[in-house]
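Colleague: Pasting in a structure now, in structure tokens, and then I'll have a few things to ask.
Each reported figure results from applying straightforward, stated rules to the coordinates on display, with no laboratory input. Computed from a predicted structure; not experimentally measured. All Cβ positions, even for glycine, are placed from backbone atoms using ideal geometry, and neighbour counts span all protein chains on display.
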Ligand code: NDP
């Protein structure tokens, strides 16, 4: 078959949580450019230019349900879920309030559970689905000052691998991406000396661009990754090697 006759890859219905900025926005733009039907969630304001958006707070199950219903009506049931929304609230353990711990876990881990559960029914009906959870290198290595964040990101691995076991027979995969340090609002707030110290530990000696995380998501969403499930894919410049 000549390249002119090659069938184009299927256009999937994609939902990216927290897709109005940072890594989520890069993922959404990358998947839209690849021909998928992409909606991003945002908590306020307008959708990013050129993308469709739906209001959603992942800490609120009713808001998640309403967002999925809107996406289903606009572009069909979600076939590729990218659970990306996340927050940090760093401080050392002895100073960390219970609200800080549960708040971060609620957004990063319980939020992922909420969207995965809501996405699963449509994927089961379709006998096809891809769930991709954005974790962090810190979920595997731990991070001083990040007991809440690391616990939430580590929890995503158990969540994804359980989903992979439960739903694999229905052609639904669940994988985790563990980025290292990515140049976004989340890391731009770090003091310069901390940024410098981080870069010195990264074998590739730089932060990732958000689009480099998006490339890994696009791979896991593609037909080329059909036999990959329960995997944790690092996109960390080598920072987490050995975990
Ligand atoms: P940003 O802070 O730039 O963006 C976070 C996104 O999540 C925003 O769109 C934000 O929405 C959204 N969000 C936060 N809480 C909620 C909520 N309760 N409901 C819905 N949306 C919410 O972060 P990044 O782009 O850097 O991070 C994206 C993901 O990647 C996160 O899960 C993060 O933990 C992970 N990650 C980031 C790394 C980095 O170095 N930057 C490294 C490893 C992992 P809003 O605009 O409304 O606040």
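Colleague: For a footprinting-style exposure proxy, rank 199, 176 by other Cβ within 10 Å, fewest first.
Modeller: With the fewest neighbours first, 199, 176 line up as 199, 176.
Colleague: Treat the count of other C-beta atoms within 10 Å as a stand-in for reagent exposure and order 194, 170, 161 from fewest to most.
Modeller: 194, 170, 161
Colleague: If you stretched the chain out fully between residue 144 and residue 209, how much longer would it get, using 0.36 nm times the residue separation minus the C-alpha to C-alpha distance?
Modeller: Length difference between fully extended and current span is 21.0 nm.
Colleague: Rounded to the nearest 500, what is the 222 nm mean residue ellipticity of the chain from helices alone, with -39500 (n - 2.57) per DSSP H run of 4+ residues and division by all residues?
Modeller: Computed mean residue ellipticity for the chain: -13000 deg cm²/dmol.
Colleague: Related question: Consider a paramagnetic label point 7 Å from the Cα of residue 243 along Cα→Cβ; state which residues of the stretch 154-193 have an amide N under 13 Å from it.
Modeller: Backbone N within reach: 154-158, 176-182.
Colleague: Given the Cα-Cα distance of residue 5 and residue 186 and 0.36 nm per residue of separation, how much length would full extension add, in nm?
Modeller: 60.8 nm
Colleague: Taking R0 as 22 Å, what FRET efficiency do you get between residue 33 and residue 171 from their Cβ-Cβ distance, rounded to the nearest 0.05?
Modeller: Calculated transfer efficiency: 0.30.
Colleague: Also: Based on other C-beta atoms within 10 Å, arrange 36, 42 from fewest to most.
Modeller: Ordered from fewest to most neighbouring Cβ atoms within 10 Å, 36, 42 come out as 36, 42.
Colleague: At a threshold of 8 angstrom on Cα-Cα distance, excluding pairs fewer than six apart, so keeping six or more, what relative contact order does the stretch 139-243 reach in percent?
Modeller: Dividing the mean separation by the residue count of the stretch 139-243 yields 36 percent.
Colleague: For the pair residue 62/residue 94, report the inter-label distance in nm, with labels modelled 7 Å from Cα in the Cβ direction.
Modeller: 4.3 nm
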